[in-house]
Structure formats: C-alpha cells, structure tokens
Amino acid sequence: MKTLFISDLHLDPKRPDIQACFDQFINSCLNSNTPSSPNDEASIDSLYILGDLFEFWIGDDASIPIYQNPIAQLKQLADIGIPIYIMHGNRDFLMGSQFEQVTGCQLIPDLYHLEINNNEGSQTILLSHGDIFCSDDQEYMKFRQMVRDPLWQNEFLSKSIEERFNIAHLMREKSKQRGQQLHAQEKVSEIIDVNQKRVEEIISKHGVRTLIHGHTHRPATHEFQLNGQTIKRIVLPDWQPDAKVFEINNV
Ligand code: LP5
Ligand code: MN
C-alpha cells in the first residue's frame, strides 16, 4: 500500500491543461484500487493534498459551483474507499464543511502529524502547506495574519459573491505583480523561500525527523542536522504535466 502526497495544483476552469493532468491522476488512482487488488503494493492507502488544490476559494457557497469537475472526481475516489485528507493553502483557506460534504474529503490542520508504518518501522511525519515557514516574506506574513483572522473571514464571507470574486481577483493580481517585482530584483530565493531558522524551530517543537510541504514550488529533498539527528525536508512540486506524485510505502 502507498500514501500519496500532492499540493499546489491551482485547479482553474481557465486551465484545461491542468485539469487534464488531474483527470489522468484521478484515473490512475481509480485503476490502482480495483476491487480485485485491494491490498497489493500498488494500491493507495490514502491521499494527502497539502493545500492550494484550487486557484482560489472564496467560500463554499460561491466556489463549489465553479469547481464541479474536480469535486466530482474527489468524490469518486472517496466513494471507492480512498481516504482523502486535505489542508488549507494560501489560495483555498476558506474551504469549509460543505466542501467536505460534497467531496468526501476530510480537512486537516496545517502542521499535522501523520504516522507511517513500513519496513523501516514507525515514524511521525509533519505535514504543512509550507507558507508558514516563509517568515522573511514579511508583507505576506502580515497579509496572512489578516486573512486567517476569523472576524476578517466572517466579514468577507458576508459579502456578495460578485464582491468576493472581485477582491480575490485583486489579491491575485497584486500577488502576481509582487512576484514579478521580486524576480526582477533577483530577491526571490532570499524572500520567498523558507527561512531555515523557522523550519528548525517548528521541527524542534514538533519533535519529528521528516517534514513534507509544498507552496514554494521548489521541489527537492533537503537534509540537515538538528539536535544530533538527520532531518529531511521534502518539498512537493507544483502541478506540471511532468510533476511526480510523491509516495511513501506503508504496510
Ligand atoms: O499565491 P502565490 O503563490 O502566487 O503567492 C503567495 C502570496 N500571495 C497570496 C495572495 C493570493 O495569491 C491571493 C489569492 C487569495 C484568494 C483567496 C480568496 C479569499 C480571500 C478572502 C480572505 C478571507 O497568498 C505571496 C507570497 C508568495 O505566496 C510566496 O510565499 O509572496 O504574498 C504576496 O504577494 C503578499 C501580497 O502583498 C499580498 C497582496 C494582497 C493585497 C491586499 C489587498 C487587500 C484587499 C482587502 C480587501 C478587503
Ligand atoms: Mn501556496
């Protein structure tokens, strides 16, 4: 059996190319878990989606109708018995209980402890979207604090769908402009990547040896020493046609 991890798909009705990759992924999951092969090595034990599945999510009422195709596909997987755990990203942190109902997915908190048992024994892995580690990006950190405040969210959700759509669109544009500016100033890796001290602080607090996250779009496996132990930080890729789904074998 294997556990799958994906993130940063940014599914968007205006991007049929990404949807086509998602179609392929869903079909491969459906084929892996046929009733005739319930427990073999290739079959999927569970799927973890570590945030930013959607381009943006402006509340369950407004967004469920926009993303009908991927929602039906997730439900198909859930219905054949693949547990799907999903975490909020910085684009889709307003996914709520209606989303869980229509997809059959279960929302999990950012900084989630996952127990894995395999030939190497049992270990706890820390899962995160990843934006929480980007503490050098102070402008984003302020923005994050504002939009994760339940009062701010309630006020936002009480606006009309059109108004919410316009605000989200404005935020995306501002964010894209800022990304371009930082690229032009060659400050991307300095500001937008994770802060190693912050990573170490959170890993120490959680007492784990492995961290899996997305968000930075810099797929890699980083190894470093911390408190006399080797720590692994696995960064998932954003969704590309050639993106590899990260897998861990478990028993
Ligand atoms: O998303 P990505 O990877 O391109 O960039 C992120 C950071 N940007 C963001 C903003 C999102 O892209 C915008 C989409 C959110 C839609 C959510 C809809 C619901 C909102 C309702 C909230 C209750 O997350 C970017 C980081 C980058 O990752 C790398 O870490 O750098 O951060 C920024 O660009 C910071 C900007 O300064 C954010 C600009 C926001 C503009 C503020 C407008 C306020 C309007 C309020 C109106 C009420
Ligand atoms: Mn993100």
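Taking residue 174 as meeting all but one of (1) away from ligand 2 (no atom under 16 Å from the Cβ); (2) free of Cβ contacts under 8 Å to residues at least 60 places away in the same chain, write down the number of the exception.
So residue 174 meets the others, but not (1).
Which residue is surrounded by the most Cβ atoms within 10 Å (Cβ to Cβ), if the candidates are limited to region 66-94 and must be over 10 Å from residue 104 (Cα atoms) and aromatic (Phe, Trp, Tyr)?
Top of the filtered list is 67.
Identify, from the list 157, 226, the residue that is touching a Ser or Thr at 6+ places or on another chain (Cβ under 9 Å) and farther than 21 Å from residue 7 by Cα.
Details: 157 fails: touching a Ser or Thr at 6+ places or on another chain (Cβ under 9 Å).
Within the list 157, 226, the selection yields 226.
Among residues belonging to region 129-140 that are over 19 Å from residue 229 (Cβ atoms) and in contact (Cβ under 8 Å) with a residue 60 or more places away in the chain, point out the one that is surrounded by the most Cβ atoms within 10 Å (Cβ to Cβ).
Step one: of region 129-140, the residues over 19 Å from residue 229 (Cβ atoms) are 129-132, 134-140.
Next, from what is left, pick out any that are in contact (Cβ under 8 Å) with a residue 60 or more places away in the chain: 129-132, 134-135.
Values: 129: 25, 130: 30, 131: 25, 132: 18, 134: 20, 135: 15.
My answer is 130.
From 208, 194, grab the single residue that is in a loop (DSSP other than H, G, I, E, B) and within 16 Å of ligand 2 (Cβ to nearest atom).
Values: 208 fails: within 16 Å of ligand 2 (Cβ to nearest atom).
One residue alone meets the criteria, 194.
May I ask you to list pairs of residues, at least six apart or on different chains, whose Cβ atoms are under 6 Å apart, with the first in region 201-218 being within 9 Å of residue 133 (Cβ to Cβ) and the second being away from ligand 2 (no atom under 16 Å from the Cβ) and assigned to a loop (DSSP other than H, G, I, E, B)?
Hits for this filter: zero, empty list.
Has region 109-119 got at least one residue that is within 9 Å of ligand 1 (Cβ to nearest atom) and aromatic (Phe, Trp, Tyr)?
no
Filter region 111-128 down to the residues that are over 15 Å from residue 86 (Cβ atoms), of a type in the set (Ser, Thr, Tyr) and either surrounded by 13 or more Cβ atoms within 10 Å (Cβ to Cβ) or out of contact with any strand residue (DSSP E or B) (no Cβ under 9 Å at 6 or more places or on another chain) (or both) and list them by number. Spell out the reasoning first.
Of all residues in region 111-128, those over 15 Å from residue 86 (Cβ atoms) come to 113, 115-126.
Within this subset, residues satisfying the condition of being of a type in the set (Ser, Thr, Tyr) are 122, 124.
124 - this is the single residue of region 111-128 that is over 15 Å from residue 86 (Cβ atoms), of a type in the set (Ser, Thr, Tyr) and either surrounded by 13 or more Cβ atoms within 10 Å (Cβ to Cβ) or out of contact with any strand residue (DSSP E or B) (no Cβ under 9 Å at 6 or more places or on another chain) (or both).
Specify which of the listed residues (50, 30, 9) is within 16 Å of ligand 2 (Cβ to nearest atom) and out of contact with any strand residue (DSSP E or B) (no Cβ under 7 Å at 6 or more places or on another chain). Walk me through how you get there before you give the answer.
Numbers: 50 fails: out of contact with any strand residue (DSSP E or B) (no Cβ under 7 Å at 6 or more places or on another chain); 30 fails: within 16 Å of ligand 2 (Cβ to nearest atom).
Just one listed residue meets the conditions, 9.
Can you find, within region 141-162, the residue that is surrounded by the fewest Cβ atoms within 10 Å (Cβ to Cβ) among those that are under 25 Å from residue 204 (Cα atoms) and under 20 Å from the mean Cα position of the chain (by Cα)? Step through it out loud before you land on a result.
Taking region 141-162 as the starting set, the residues that turn out to be under 25 Å from residue 204 (Cα atoms) are 141-142, 144-145, 148.
Next, only the ones that are under 20 Å from the mean Cα position of the chain (by Cα) stay: 141, 144-145, 148.
Values: 141: 14, 144: 16, 145: 10, 148: 13.
Ranking the candidates gives 145 first.
Which of the numbered conditions does residue 188 fail, given that it passes all the others? Conditions: (1) in contact with a Ser or Thr (Cβ under 8 Å, 6 or more places away or on another chain); (2) among the hydrophobic types (A, V, I, L, M, F, W, C); (3) over 19 Å from residue 110 (Cβ atoms).
Just one mismatch for residue 188, condition (1).
Looking only at region 20-63, count how many residues are more than 30 Å from residue 166 (Cβ to Cβ), outside any loop (DSSP other than H, G, I, E, B) and either within 16 Å of ligand 1 (Cβ to nearest atom) or polar (S, T, N, Q) (or both).
Count: 6.
Exactly one of (1) among the acidic types (Asp, Glu); (2) in contact with a Leu (Cβ under 9 Å, 6 or more places away or on another chain); (3) closer than 27 Å to residue 200 by Cβ; (4) not in a loop (DSSP other than H, G, I, E, B) is unmet by residue 100. Its number?
(3)
Which of the residues spanning region 106-131 are in a loop (DSSP other than H, G, I, E, B) and either more than 13 Å from the chain's Cα centre (by Cα) or on the phi > 0 side of the Ramachandran plot (or both)?
At the first step, the residues of region 106-131 found to be in a loop (DSSP other than H, G, I, E, B) are 109-111, 119-120, 129-130.
Listed by number, the residues that qualify are 111, 119, 120, 130.
State which residue is nearest to residue 11 (Cα to Cα) when the search covers only region 192-244 and only residues that are at pLDDT below 95 and hydrophobic (A, V, I, L, M, F, W, C).
So, considering only residues that are at pLDDT below 95 and hydrophobic (A, V, I, L, M, F, W, C), the one nearest to residue 11 (Cα to Cα) is 239.
The values are calculated or read from the model by the stated rules, or taken from the named source; none is laboratory data. Not measured: the values here are computed from a predicted model. Please note: Cβ atoms are built from the backbone with ideal geometry, for glycine as well, and neighbour counts cover all protein chains shown.
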